[in-house]
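Working notes, beginning with the structure itself.
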Amino acid sequence: MTEHPPLKTVADLKLPRYLGTWYEIARLPMRHEPEGCTDVSAHYTLLDNGNVGVTNRCRMDGEIEEATGEACAGGKHTARGGVRIQPHGRRGLPSATGDYWVIQIAPDYSVSLVGSPDRKYLWLLAREPRLDATVQDHYLAAARLQGFDLSELIQTPHTGKPTA
């Protein structure tokens, strides 16, 4: 296993600006999200307890599937948190818990690069279901610089039938 320096994250994530709907543009493979998922979206809301409510949706075999969960920030590091997701209708998968670290974000909060410190998980998210190729290349280059292997990167298809 390759040793990496600590994963660098956004210095001061503004949570209220981060809330709302994000569309998955690309991701590294993960067992909790089958490769055939299309139109993947995530919606984040502030909960009464200060944590973030998470609703993930995708289209699988023509049907919308949803998983809900809760995320909490990592104390003084607002860009470093953990999330626990409970799938609904996702073929009997158990709940998933993982790191959710915001590595890079556009100044206008229109694009976000999120990963895990072990470099196993990575998501490129945008406020719209499509992202300019040059912008995408910029964020993926940042992921490579931080030690992510993108050889198995999945480009998330968006069919024009949003799930958000």
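Here, each number is a calculation from the coordinates, and none is a lab measurement. All figures in this text were calculated on a predicted structure; none of them were measured in a lab. With ideal geometry, Cβ positions are generated from the backbone for all residues, glycine too; neighbour counts draw on all protein chains shown.
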**OP:** Sticking with the crude label model, points 7 Å out along Cα→Cβ, report the distance from E152 to R31 in nm, one decimal please.
**Re:** 1.2 nm
Subject >> Label point distance in nm, D137-T45, each placed 7 Å from Cα along Cα→Cβ >> reply: 4.0 nm
**OP:** With a point put 7 Å past each Cα toward its Cβ, work out how far I64 is from K14 in nm, to one decimal.
**Re:** 3.0 nm
Original post:
Tell me which aspartates and glutamates have Cα within less than 19 Å of K14's Cα, excluding those fewer than 8 residues away on the same chain?
Top reply: D48, E70, D99, D108
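Relative to the present Cα-Cα distance, how much length would full extension add between R144 and Y109 at 0.36 nm per residue of separation? Show your work: numbers first, answer last.
Working: separation 35, 0.36 × 35 = 12.60 nm, distance 2.10 nm.
My answer for the length gained is 10.5 nm.
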Subject >> Backbone N within region 10-42 under 14 Å of label point (7 Å from K161 Cα along the Cβ vector) >> reply: 37-40
Original post:
Given H placed 1.01 Å from N in the peptide plane, which residues other than close sequence neighbours of H158 have an amide H under 5 Å from its amide H?
Top reply: D39
